[in-house]
1. Got a sec? How would 51, 16 order by Cβ neighbour count within 10 Å, fewest to most?
2. Could you tell me which label, among (i) 100; (ii) 83; (iii) 120, carries the value of volume of the Cα convex hull per residue in Å³ calculated for this structure?
3. Tell me which residues come under 5 Å, amide H to amide H, from residue 77 once H is placed; ignore anything under 5 positions away on its chain.
4. Order of 75, 93, 15 from fewest to most other C-beta atoms within 10 Å?
5. Taking loop as defined by DSSP and a crowding limit of 15 other beta carbons within 10 Å, which trypsin sites (Lys or Arg not before Pro) in the range 3-45 fit?
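Rule-based calculations on the coordinates, nothing more; no lab input. Just so it is clear, the structure is predicted and the values come from calculations on it, not from any experiment. Here the Cβ positions follow ideal geometry from the backbone for every residue, glycine too, while neighbour counts run over all protein chains shown.
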Amino acid sequence: MRVGISEPQAGRVVVTGELTFASAREARQLGILLLESSRAERIVVDCSAVTRSDSAGLAVLLDWLAWGRRNSRPVSLEKLPASLLAIARISEVDGMLQPGAALTGS
């Protein structure tokens, strides 16, 4: 299993599997389509079921946050794997990825 992205309930997006270089393109596209089609005003992305991640996975999550900012729809991330947080810390973007952090349009 590479990556799965679903919205089991309005405003709650769940990412499962690998969020890596191998799945980043697919994850980005699926995620943006899901964000665009969601009827929820606020979207929480649950990453608790991500089994493997790398810097490409981090880029996907940052892109989803940027989508939220561009579209004035709050997107927040929760339950990020320790490996993703470590990459974010090294990249100095960990503040944007902390559980409950959100980027909204101004």
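1. Numbers: 51 12, 16 17.
Ascending Cβ contact count within 10 Å gives the list 51, 16.
2. Computed from the coordinates, volume of the Cα convex hull per residue in Å³ corresponds to (ii).
3. When sequence neighbours closer than 5 places are left aside, the close amide H contacts are 45, 100, 101.
4. Details: 75 24, 93 15, 15 28.
Placing the least packed residue first, the sequence is 93, 75, 15.
5. Details: sites: 12, 25, 28, 39, 42; in loops: 39, 42.
In loop regions of the range 3-45 (DSSP not H, G, I, E or B), the sparsely surrounded trypsin sites (Lys or Arg not before Pro) are 39, 42.
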